[in-house]
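The values are calculated or read from the model by the stated rules, or taken from the named source; none is laboratory data. Predicted model only: the values in this text are computed from it and were never measured. Note: ideal-geometry Cβ built from the backbone for every residue, glycine included; neighbour counts use all protein chains shown. Protein only, heavy atoms only, side chains kept; ligands, DNA and RNA dropped before computing areas. Shrake-Rupley method; radii C 1.70, N 1.55, O 1.52, S 1.80 Å.
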Amino acid sequence: MASFRTLDDLGDIAGKVALVRVDLNLPMKDGSATDVTRVEAVKPTILELTEKGAKVLLLAHYGRPKGQRHSTMSTSFVQGDVEEVLGKEIMFIPEVMGPVVEQSIGILRNGDIGLLDNVRFWPGEEANDPEFAKGIAAHGDFYVNDAFSAAHRAHASTEGLAHHLPAYAGRAMEAERKALDAALGNPETPVAAVVGGAKVSTKLDVLENLVGRVQHLIIGGGMANTFLAARGVDVGKSLCEHDLTATANKIMDTADHAGCTVHLPYDVVVAKEFAENPASLRTCNVHEVGPDEMILDVGPQAVEALGDVLKTCRTLVWNGPLGAFETEPFDAATVALARTAAALTQDGSLTSVAGGGDTVAALAHAGVKDDFTFVSTAGGAFLEWMEGKDLPGVSALTA
Ligand code: ADP
Ligand code: MG
């Protein structure tokens, strides 16, 4: 792992101004946040800096204002929620640079926190304009990036600032980076990857990257149907991208050459209508799916076999549910395999890292979110990392 400057590398920062990029893009309803996980995630970094006497200026985006001030997208809307999580008052500053910011810094005492306005109000942010980054940087003594979820974007506040100020990873960024490195960068082998979810087309790059890097590729969800169809299985009315069967075959060939075993379900849970506990529900072999049936989950025998595969592995990386888990009983395979992975993790035999919007929801539904080694809430950035892409926000912090 290339060296990465963290808060441990900061010297005496009392009275210094820290520009801290955080993710405050909170889901809101009726003027307050419905989920403050993102604030909880950056709390340790913010408090560590304030306890050391820095003046902390929070820098964040909110929504997609496309380079213009938008009265409905000011970061001032999340100020109350941030104050509540931090247990501290903060000062809202309706700019990101200029005299108002300078005056506000003058008012802040050591250990105080200011919240700058939505950095995406200015076109220089998304354009990663060096002059814009320089303008912000002029107010700070150093830069801390604690927003892994925005690290797949090369914007001024996520990448550009690192070129104008001494740059450090915050604690959340550091933890995410360590977990991802343990899962795919430099993992203990054998490594298993679970890739599920609705469609192959949204995860082609993920599959292509993983086949060369893991020993077991477990394919579930709607995307397994496309792979089954490619192998000549009649998947009936299942969600299936028939135009991608050639691609699926190519991925399976690449896997063969790379010594990666691809696991597809051999029994499945099917129904004629997609509803909770439908009358037509049954479990069958993949070769017995009727023309009017849909595959909605991986079957119990396959799940047991997959559990046995995980028992032989040291590392697991998971993105995408194995079935249509939002509707019972099509959550069964996802819940069972997640619990096996969680138990192996707790026993110390498996390092397990998972991510993806629906995956996080599925693991929470299975009650094992806290039993995995690491669960990433950074949707887009997590997927780009699984695709093997360089994340500009992370690279910029790497010396
Ligand atoms: P993530 O958000 O974790 O990356 P995706 O968005 O790719 O995951 O996929 C999640 C969706 O896939 C869920 O809404 C789930 O219902 C759906 N899904 C999983 N298996 C099936 C299936 N067999 N048929 C239809 N939809 C499925
Ligand atoms: Mg999703």
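Largest first, the residues Leu296, Leu116 sort by 1.4 Å accessible area into Leu296, Leu116.
Dipole magnitude for the chain: computed about the Cα centre from +1 point charges on Lys and Arg Cβ and -1 point charges on Asp and Glu Cβ, it is near 540 debye.
In straight Cα distance, which lysines are under 26 Å from Lys178, not counting same-chain residues fewer than 8 positions off? Excluding near neighbours in sequence, the set is Lys43, Lys52, Lys203, Lys311, Lys369, Lys389. Computed from Cα atoms, the angle from the helix 300-311 axis to the main principal axis of the chain rounds to 50 degrees.
The distance linking the range 257-280 with the range 101-155 is 47 Å (Cα centroid to Cα centroid, whole angstrom). Each residue, Asp12 and Gln346, gets one label point 7 Å from its Cα in the Cβ direction; the gap between the two is 4.8 nm. For the range 320-364, with all protein chains in place and a probe radius of 1.4 Å, 48% of the accessible heavy-atom surface sits on carbon or sulfur. Dipole orientation for the range 38-82: of the candidates Gly67, Val42, Val82, Gly67 has the Cα lying most toward the positive pole (charges on Cβ; Lys, Arg +1; Asp, Glu -1). Taking all protein chains together, Asp243, Asp181 sort by accessible area into Asp243, Asp181, largest first [probe 1.4 Å].
With semi-axes defined as the square roots of five times the eigenvalues of the C-alpha gyration tensor, the equivalent ellipsoid of the range 24-181 measures 20, 19, 18 Å, largest first. Here the range 302-341 is scanned for amide nitrogen atoms under 17 Å from the site 7 Å beyond the Cα of Asp370 along Cα-to-Cβ, giving 339. Dipole check for the range 113-247: with +1 at the C-beta of Lys and Arg, -1 at the C-beta of Asp and Glu, and the Cα centre as origin, the magnitude is about 460 Debye. Annotation for the range 144-226: GluC sites (Glu not before Pro) lying in DSSP loop with at most 16 further Cβ atoms inside 10 Å of their Cβ are Glu188. For the chain, a Gaussian network of Cα nodes joined below 10 Å ranks Val298, Val200, Val100 by mean-square fluctuation, and the top entry is Val100. Every helix of 4 or more DSSP H residues in the chain counts as -39500 (n - 2.57), and over all residues that averages to -10000 deg cm²/dmol at 222 nm. Label-to-label distance, Asp253 versus Thr34, with points set 7 angstrom from Cα along the beta-carbon direction: 4.6 nm.
Couplings for the range 68-76, taken from phi via the Karplus curve 6.51 cos²θ - 1.76 cosθ + 1.60 with θ = phi - 60°, read 9, 5, 9, 4, 8, 10, 6, 5, 4 Hz in order; Gly and Pro are left as x.
When the chain is described by a simple charge dipole with +1 on each Lys and Arg Cβ and -1 on each Asp and Glu Cβ, the residue from Ala302, Leu207, Val394 located farthest towards its positive end is Val394. Surface composition of the range 14-56: carbon and sulfur atoms hold 48% of the protein heavy-atom accessible area at a 1.4 Å probe. Counting protein heavy atoms only, the range 196-308 has 49 percent of its accessible area on carbon and sulfur, 1.4 angstrom probe.
About its Cα centre, the dipole of the range 239-387 is roughly 440 debye, where the only charges are +1 on Lys and Arg Cβ and -1 on Asp and Glu Cβ. With the whole protein complex present, Tyr168 retains an accessible surface near 20 Å², based on a 1.4 Å probe. For Lys272, the solvent-accessible surface with a 1.4 Å probe is about 90 Å², rounded to the nearest 10. Entry note, the chain: relative contact order of 16 percent, from Cα contacts under 8 Å with a spacing of 6+ residues.
Which FRET efficiency, nearest 0.05, do Glu304 and Arg109 yield, Cβ-Cβ r, R0 51 Å? So, using R0 = 51 Å, E works out to roughly 0.25.
In whole percents, the pair-distance distribution calculated for the chain from its alpha-carbon pairs, binned every 20 Å from zero, is 27, 48, 23, 2.
Taking all protein chains as they are arranged and a probe of 1.4 Å, the heavy atoms of Ser201 leave approximately 60 Å² accessible to solvent.
In this structure the range 182-306 gives 44 Å² per residue of accessible area when probed at 1.4 Å with all protein chains present.
Length gained on full extension, Thr261 to Thr312, computed as 0.36 nm times the residue gap minus the Cα-Cα distance: 17.1 nm.
The label-point distance for Glu131 and Thr202, in a model that sets each label 7 Å from Cα toward Cβ, rounds to 4.0 nm.
Relative to one another, the C-alpha centroids of the range 363-399 and the range 9-49 are positioned 18 Å apart.
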